[in-house]
Amino acid sequence: MLEDTIARLFAPPKGILAMDGSPATLDKRLAARGIEATEANRRRYRELLLTTPDIERYISGAIFHEETLRQTLSDGTPFAEAARARGILVGLKVDQGLAPSPFNPKEEVTRGLGGLRERLQEAKQRWGIRFAKWRGVYRIDLEEGLPTPEDIFIDSVELAQYARVCVEEGIVPMVEPEVLMDGVHSIEESARVHREVWSEVVTQLTAREVPLSTVILKASMVVAGSEFPGGPASSQTVAVETVSALTDTLPPELGGVAFLSGGQTSEYATANLNEIAKRGPHQWPVSFSFARALHAPVMERWGGNDAFWEEAQEVFLHRAQMAALARLGRYSEQCERVPENPECAV
C-alpha cells in the first residue's frame, strides 16, 4: 500500500502540488495582490487550482491544509473527492506550525505530535488521505551560529517520530527538513548545512526503524542565500551541489525525493530541477512538490477577479507543464515561450 502510493506519486512526468498553506499564510499572499483575505477567497482560489482542465496530466498528488479538507467546490463536491476523481492522491499537512526552540529563542521547532495519530486516522477514514507532510525549518546565520546542532537534532527527532506514526497508520510520510534560503550565505555554506540536516534526519529515521522505502524526502535545493552578495548561482552549480549532497547523505532505498521551490522564482526553480534531472538517473525517484513556483503567477493573473479565471488556469497548467518537463530534464526557454511546440509535449 505505501509503496503503491509512492509509485503513483512519482509516476513520470508528474509531481506533487503543495497547496497546504495555512489560512494565515494564504491570506498574506492574497492581500499582497490586493485580494480580500477571506475564507471565501481562499476556497475560491483552491477551486481554481483543482478544477483546471487537464491538470492531472502533470499533477499526481496534492497536499492539503486541514481547512481545505473541509471545503467544497461550488457545486458542493468536497475538494478531496474532486481531486481523487481526477486521479490525484490527497495528502495532508499535519504539523501545527512553529514555536521558539527551548534551546535558542532565535530558532524555531515544529509542533504537532500531540494527537497526531488521531488526526491521521480521522483524515484517512473521512477523506481518504494517502500521504502526509511535516515541515521543519533551518535558518542559516553564520554570525549567530545557526542552525545549532540542538535544533537540527530536535527537528530530526520530531520528523522521525511523525514518520513512524504515519507508517503505523498506513500513510506515506513526507518529511520536509527545509533549509531556508533567506540570508547572505554562500551556496557552499548551504551545501554544508543540507548535509548536516539530511544526515541527521536519516539517522533518526533509522533509529526509529522507519522503513526508508516508505519515506518521501521533500527537499530544499542547495542554493545561495537570497541576499548573498554574489547573487544566485547558475542552475548547473545548484544541480552539482544538490546532487552531491543528496548522494552523500541519502541511502538508495529511500522512497523518493520531491523538491520544494522555497523562495525561488518559477523559472529559476524549474531550471534548477531540470539540471538536477539531467544528472540522473539517480538512486531514488526525483520529482517536484512546488508551492510558490506554481502558485505565484497563477494568483497574480487571477487577482481575485473571476473574469480572469480561465486565463489563470492556463497559467497554472503552463507552469505545471514546465515543471513536468524539468522533471524529465527536457525544460527549455523555448518551451517557456512556445509550450505547444511538439518538442515540449509531455
### Query
How big is the charge dipole of the chain about its Cα centre, in debye rounded to the nearest 20, if each Lys and Arg gets +1 on its Cβ and each Asp and Glu gets -1 on its Cβ?
840 debye
### Message
Show me the chymotrypsin sites (Phe, Trp or Tyr not before Pro) within segment 42-137 that DSSP assigns to loop and that have at most 15 other Cβ atoms within 10 Å of their Cβ.
### Response
103
### Task
Please work out the Cα center distance from segment 63-82 to segment 94-110, rounded to the nearest Å.
29 Å
### Query
Using a simple charge model, +1 on the beta-carbon of Lys and Arg, -1 on the beta-carbon of Asp and Glu, nothing else, what dipole does segment 1-151 show about its Cα centre, in debye to the nearest 20?
560 debye
### Task
Work out, step by step, the length gained on full extension between residue 25 and residue 247: first 0.36 nm times the residue separation, then minus their alpha carbon distance; give nm to one decimal.
76.6 nm
### Query
Quick one: if you stick a label point 7 Å off each Cα along the C-beta vector at residue 184 and residue 153, how many nm between them?
3.0 nm
### Query
Most fluctuating residue of 158, 143, 241 in a GNM of the chain with Cα springs under 10 Å: which is it?
143
### Query
Summing Lys, Arg as +1 and Asp, Glu as -1, what charge do residues with Cβ under 15 Å from the Cβ of residue 313 carry, residue 313 excluded?
-2
### Cα pair distances of segment 223-319 binned at 5 Å [whole percent]
2, 12, 19, 19, 16, 13, 9, 6, 3, 1
#### Entry: Subset of 106/218; 93/278; 218/278 violating a 26 Å alpha-carbon distance limit
93/278
### Query
Given R₀ = 22 Å, FRET efficiency for residue 278-residue 3 by Cβ-Cβ distance, to 0.05?
0.25
### Summary
If R0 = 35 Å, then residue 213 and residue 39, at their Cβ-Cβ distance, give a FRET efficiency to the nearest 0.05 of 0.35
### Summary
log10 I(q)/I(0) for segment 1-160, Debye formula on C-alpha points only (no solvent), q = 0.15, 0.18 Å⁻¹, two decimals, reads -0.92, -1.17
### Query
Expressed as a whole number of Å, what is the distance separating the alpha-carbon centroids of segment 251-329 and segment 151-165?
27 Å
### Task
Report the GluC sites (Glu not before Pro) located in segment 279-341 that are in a DSSP loop and have at most 10 other Cβ atoms inside 10 Å of their Cβ, or state none.
340
## Note on the structure
Non-local residues with an amide H under 5 Å from the amide H of residue 218, with H modelled 1.01 Å from N and Pro and chain starts lacking one, are 175, 176, 258
## Note on the structure
DSSP beta bridges in the chain: the antiparallel percent, rounded to 5, is 15 percent
## Note on the structure
Given Cβ charges of +1 for Lys and Arg and -1 for Asp and Glu, the option among 31, 225, 298 whose Cα lies farthest towards the positive end of the dipole of the chain is 298
### Task
Can you check what the net charge comes to around residue 1, using other residues whose Cβ is under 13 Å from the Cβ of residue 1 (Lys, Arg +1; Asp, Glu -1)?
-1
### Summary
Placing each pseudo-label 7 Å from Cα in the direction of the beta carbon, residue 103 and residue 126 end up separated by a distance in nanometres of 3.6 nm
### Task
Sort largest first and round to whole Å: the equivalent ellipsoid semi-axes of segment 76-232, each the square root of five times a Cα gyration tensor eigenvalue.
30, 18, 14
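FYI, it's all coordinate maths here, none of it is from the lab. Computed from a predicted model, the values in this text were never measured in an experiment. All Cβ positions, glycine included, derive from the backbone under ideal geometry; neighbour counts span all protein chains shown.
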